[in-house]
Each structure stands twice: as C-alpha cells, then as structure tokens.
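The values are calculated or read from the model by the stated rules, or taken from the named source; none is laboratory data. Note that the coordinates shown come from a computational prediction; the quantities given were computed from them, not determined experimentally. Backbone-built Cβ (ideal geometry, glycine too); neighbour counts: all protein chains shown. Ligands, DNA and RNA are excluded from the accessible area calculation, which covers all protein heavy atoms including side chains. Shrake-Rupley method; radii C 1.70, N 1.55, O 1.52, S 1.80 Å.
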Amino acid sequence: QVQLVESGGGLVQAGGSLRLSCAASGHTFSRYGMAWVRQAPGKEREFVAYISWSGVSTYYADSVQGRFTISRDRAKNTMYLQMNSLKTEDTGTYYCAADLSAYGRRRWRDFSSWGQGTQVTVSS
C-alpha cells in the first residue's frame with residue numbers, strides 16, 4: 001500500500017488560484033499513475049485529472065481543462081494540482097489516489113489507495 005496525504009486546500013475567491021499537493025510514502029512513487037478526484041457537497045465523486053507513472057501523459061475532465069495542471073515530482077514523491085481561474089463550482093473536497101494496479105484513468109473508482117482529502121472553497 002501507499003500512504004497519501006493531501007495539502008494546500010483553502011478558501012479563495014473566484015478567479016483565484018490554489019496549488020494542491022499530494023505526498024506519497026510507503027511505495028515506489030514512480031511506478032504508478034495517480035489521479036485527483038473531487039467531491040462537492042451532496043454530490044458523487046468526480047474525476048478531475050490523471051497523470052501517468054512517467055509524468056508524460058496527463059488527462060483532464062472537460063470542466064477543468066485549460067485551468068488545472070497536474071504534475072509530479074519524483075524526487076519529492078509528490079503530485080501537484082495547480083488550479084487557476086477557480087470557479088464556485090470547483091468547491092469540494094479534493095482527493096488524490098494511486099493507481100497501483102495500473103487500471104488507467106477510466107477506472108479511477110477502483111484505485112486502492114486514497115488520501116484523506118483537502119477542502120477547497122471558492123467564494124463568489
């Protein structure tokens with residue numbers, strides 16, 4: 001298993017920016033893809049972004065394409081989500097997850113390792 005700890009959430013006005021971090025430990029960080037997933041109050045979790053084990057390939061939900069950037073730093077065992085031009089609908093708890101079984105981004109719901117989440121609140 002891998003332990004994941006998110007940080008960087010907070011309260012920001014619409015149009016602002018935040019950078020989330022996900023620190024990984026307990027497993028070889030560079031061997032698996034990772035994802036960011038969010039959950040708004042009263043709604044189901046939804047996919048936000050995915051990055052391949054190499055960092056070469058990235059994928060985004062249509063709702064965040066062009067505004068969010070996912071990246072990873074192997075030396076620091078950390079994944080990031082840079083969020084720009086934030087909207088009120090981006091409000092939610094953001095989770096990072098590790099694709100230890102190489103399911104790929106479409107099976108993010110099956111990922112076995114999840115962090116505890118970090119809250120992002122975007123005010124109007």
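Quick notes on this one:
- Those GluC sites (Glu not before Pro) in the range 20-100 that DSSP places in a loop and that have at most 14 other beta carbons within 10 Å: Glu44
- Stretching the chain fully between Gln39 and Lys87 yields a gain of 15.8 nm (0.36 nm per residue, less the alpha carbon separation).
- The value of relative contact order for the chain, using C-alpha pairs under 8 Å at least six residues apart, is 35 percent.
- Taken one residue at a time, the phi angles of the range 84-96 give Karplus couplings (6.51, -1.76, 1.60, θ = phi - 60°) of 10, 6, 5, 10, 4, 6, 7, 4, x, 8, 9, 10, 9 Hz. Gly and Pro are set to x.
- For the range 20-43, the residues whose amide N sits under 17 Å from a probe point set 7 Å from the Cα of Asp110 along the beta carbon direction are 32-35.
- What separates the Cα centres of the range 78-106 and the range 49-75 is a distance of 8 Å.
- Distance between the pseudo-spin-label points of Thr28 and Ser71 (7 Å out from Cα toward the beta carbon): 2.5 nm.
- Taking θ as phi - 60° and the Karplus parameters 6.51, -1.76 and 1.60, the scalar couplings of the range 24-38 work out to 10, 8, x, 7, 6, 4, 7, 9, 9, x, 9, 9, 10, 9, 10 Hz in sequence order, x denoting glycine and proline.
- Surface composition of the chain: carbon plus sulfur atoms hold 44% of the accessible area, using a 1.4 angstrom probe and ignoring ligands, DNA and RNA.
- Around Ala40: net Lys/Arg minus Asp/Glu count, Cβ-Cβ under 15 Å: 0
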